[in-house]
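Read the structure below first, then the notes.
The values are calculated or read from the model by the stated rules, or taken from the named source; none is laboratory data. Everything numeric here is computed off the predicted structure, so don't read it as measured data. Reconstructed Cβ throughout: ideal geometry from the backbone, glycine too, with neighbour counts over all protein chains shown.
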Amino acid sequence: MTRNRELPQFEILEILKDDIGRYARVKAMYPDGEITIRWGLDSLTYVNLKDAFSTRVFDRMPNLNYKYKLLNFYGSSPNADETRDYSGFIECILGKQIKQIEFKCSESFAGNIKWMSEVKSCDKLNHLKWMD
């Protein structure tokens, strides 16, 4: 699969919960560099993204080097009551095998995907930088 080098790529490193709240630790890769960030998650997105992130679609053997990339787009569909359902997408990668996985997310998470995809420089994310 070819990638547009102008679009950022987001590798999910882990999904956790602490005293501050739910979050994903994400390595954001832009043409000018990369930065590891804390991406806050609401409860709906946290549960569903964590479930998708733990999926081992190719082989369940331990110690396999799975990678998970959050994709730069989301989907939405209307409901009968005039609300919308939102979905995010990740790629589960093992070697040359790639499988796309859809997960339910909130409207605010979908908006964050859109915003992060429009950012042109990792310098714009310094306020989200992961602090060890």
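Things to note:
- Residue tally, condition assigned to a strand (DSSP E or B), touching a residue at least 60 places away in the same chain (Cβ under 8 Å) and buried (at least 19 other Cβ atoms within 10 Å of the Cβ), over segment 98-127: 1
- In segment 62-97, the residues that are among the hydroxyl-bearing types (Ser, Thr, Tyr), surrounded by fewer than 19 Cβ atoms within 10 Å (Cβ to Cβ) and within 17 Å of Gln9 (Cβ to Cβ): Tyr66
- Residue satisfying condition, being of a type in the set (Gly, Ala, Ser), out of contact with any strand residue (DSSP E or B) (no Cβ under 6 Å at 6 or more places or on another chain) and modelled with pLDDT of 90 or more, within set Gly33, Gly75: Gly33
- A count restricted to segment 27-64 and to residues that are part of a strand (DSSP E or B) and not hydroxyl-bearing (Ser, Thr, Tyr) stands at 11.
- Scan of segment 72-81 for residues that are free of Cβ contacts under 8 Å to residues at least 60 places away in the same chain, part of a strand (DSSP E or B) and not aromatic (Phe, Trp, Tyr), ordered by number: Gly75, Ser76, Ser77, Pro78
- Filter result for Arg25 (surrounded by fewer than 19 Cβ atoms within 10 Å (Cβ to Cβ), modelled with pLDDT of 95 or more and closer than 19 Å to Cys92 by Cα): yes
- Criterion violated by Thr45 - all others in (1) loosely packed, with under 15 Cβ neighbours inside 10 Å; (2) among the polar types (S, T, N, Q); (3) touching a residue at least 40 places away in the same chain (Cβ under 8 Å) satisfied: (1)
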